[in-house]
1. With just the Cα atoms defining each centre, how far is segment 234-298 from segment 10-85? Give it in Å.
2. Would you compute, from DSSP H runs of 4+ residues alone, the mean residue ellipticity of the chain at 222 nm, taking -39500 (n - 2.57) per run and dividing by the full residue count, rounded to the nearest 500?
3. 5 Å is the cut-off here: which amide hydrogens, built 1.01 Å from N in the peptide plane, fall below it relative to residue 143, excluding neighbours closer than 5 in sequence?
4. Distance from a point 7 Å along Cα→Cβ of residue 213 to each backbone N in segment 231-263: keep the residues under 20 Å and list them by number.
5. What is the fewest-to-most order of 196, 252 by other Cβ atoms lying within 10 Å of their Cβ?
6. Using the basic label-point model (7 angstrom from Cα toward the beta carbon), what is the residue 249 to residue 174 distance in nanometres?
7. At 7 Å along Cα-to-Cβ for each site, give me the label-to-label distance between residue 226 and residue 19 in nm.
8. Would you be so kind as to identify all helices of the chain, as entire DSSP H runs, whose Cα atoms reach 27 Å or more along the helix's own axis and whose mean Kyte-Doolittle hydropathy is at least -1.0?
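All of the numbers you see were taken from the coordinates with simple rules; none came from a lab. Fair warning: this is a prediction, and the values are worked out from it, not measured in the lab. As a convention, Cβ positions derive from the backbone with ideal geometry for all residues, glycine included, and neighbour counts pool all protein chains shown.
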Amino acid sequence: MAMDGLSLHAMLWEIRGLLGARVDKVQQPDKDTLLLSCHGSDCGRVKLLVNIHNENGRIALTRDTAENPAAAPAFCMLLRKRLIGSRITKMEQTGLDRTVRFHFSGRDELMDEAVCSLVVELMGKHGNAFLLDENDLILDCLRHIGVGAEALRVCLPNVKYEALPLQEKRDPLSASLEELSGVDSPRSLMNGYMGVSRQIATLLLPDGLSDEQRGPYLFDTLQSLKEGKLSPCLVPGVGPAPFRPLDRSDAVPFPTLSECYDAWYRERDVRIRMLRETGSLRATLEHALKRCENKISAFTGDLLSAEEEGRLRLCGELLLSFHGDRPKGADSVVVENYYEFPPVKVTVRLDPALSVAENAARYFKRYQKLKAARAYAEGEMGKLKEEQLYLQGQLVALNTCENSDDIAEIRQELIRERYIRPSPVKGAARPKAGRSMPLHFLSSAGLSIYVGKNNEQNDRLTRNAPADALWLHVKDAAGSHVIVDSKGMPDQQTLLEAANLAVHFSSQRNGASVPVDYVPRRYVKKPSGSKPGFVLFTNQRTVFITPDPNLISTLKKGVKEY
């Protein structure tokens, strides 16, 4: 869920130490995210995260690092010019709306005082961030919105900034006990008071409270938030909350609300960024896979033509043996099928414009055409099945990408396999992609489990693994190579954990009773000239796995790159 107004109010209480802090660095990892590195006497060295994504929108301090694009966007360059070296002088929220204005004061090139402000609007799909001058003129913004029928306002440089209108609702932090005692459901709280999302409203009004307890509990909780007395926690299935819910014993407490948001959104941010960066590759692979599947479907029809081939050949041979009189203009003749005993009468269709011999030749020509098509299909079907599995594996690999190096490896492989064309920049050296590494997990027995994230990693992982290590792969499906760094067969629990990882990082992650082959690595061979990620193995055994999400979550806690 995106941050609501009440949580935003709590966050501003938490980051109030930023007042007076100096901006040292500005980054824009993606089109929705800004990172301001600051230092101050009250906050130390911190990074302020601003995210306007419609689902992940929030303002918080963060300890996470993010990859930056090779070339900084124009908005980021402007922020660097205007904000680096300036100090944060004020932070203000408009009521309990999801709008915050950060005021900055610094010096320009002539050492004169220069003030500006950064307005952040966490409004779902309408979210935006504006850099304004001292007269509220837009210097630039993250999302440009021009004049149009659906545009509520113009968001372009050199246009006067127009604040969004406030909702006609009451402020829950200023409501009295008597007013809040009349709130009887989360819906009535959302409809009557501003800044409260559905999730937070549900947590503020738990089901176990009586009518007499509901009002005082709501009033006390809101007053604590108003005074900055926070009890941050992460509620499973709901998300971060600035207070500890009364009826949720499973809520996980956190030292700060920022750490709570980091924990909740860390994987979501990576997933969204990877979906954006892999969009063009995904479209290319899906198009190639669709074309491959169409060929397989067409060739499957050719392979099923054996019965039709036999019929055409029989008709041709029976016509050649026909010596009777054919009625003028007849479109069929009745002949005896001498391949059966006793012979039976068979009706053979004819083209009235052709003679019997010419009709026989026509049947033989169609027979030869179907026979050749079936022979060609038999030769191509194996290649197409291999290509289909390869493309499915690449789509699985895109889902496991965690950084730009992972994507770069897949892109270079697709260039080598001629699925996409290279696009070198003339007059400039092509940037070298870093070498990404397989994922590393620790089993419950303390054994290392490695999982390849793409074909290059799979080949490297399998090639470099010890001969007595255990190798696993989902049977007859696209997926990652998994290596258990054990000297011989590991314990049963480690085997099940590794098999779960093999299913999780495969095209069968949503299946049930998925077969997983496992074998010592010494029995795994890579044929010369085969596609990346393709191997052959013998002496395998199979275990059937229904993926356990809880087990995967437990293993993910110990994940790191190897």
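1. Measuring centre to centre over Cα atoms gives 22 Å.
2. -12000 deg cm²/dmol, from helical runs alone.
3. 129
4. 243-251
5. 252, 196
6. Those two pseudo-labels are separated by 4.1 nm.
7. My value for the distance between the label points is 1.9 nm.
8. Membrane-span-like by this criterion, though nothing is claimed about a membrane: 279-303, 356-399.
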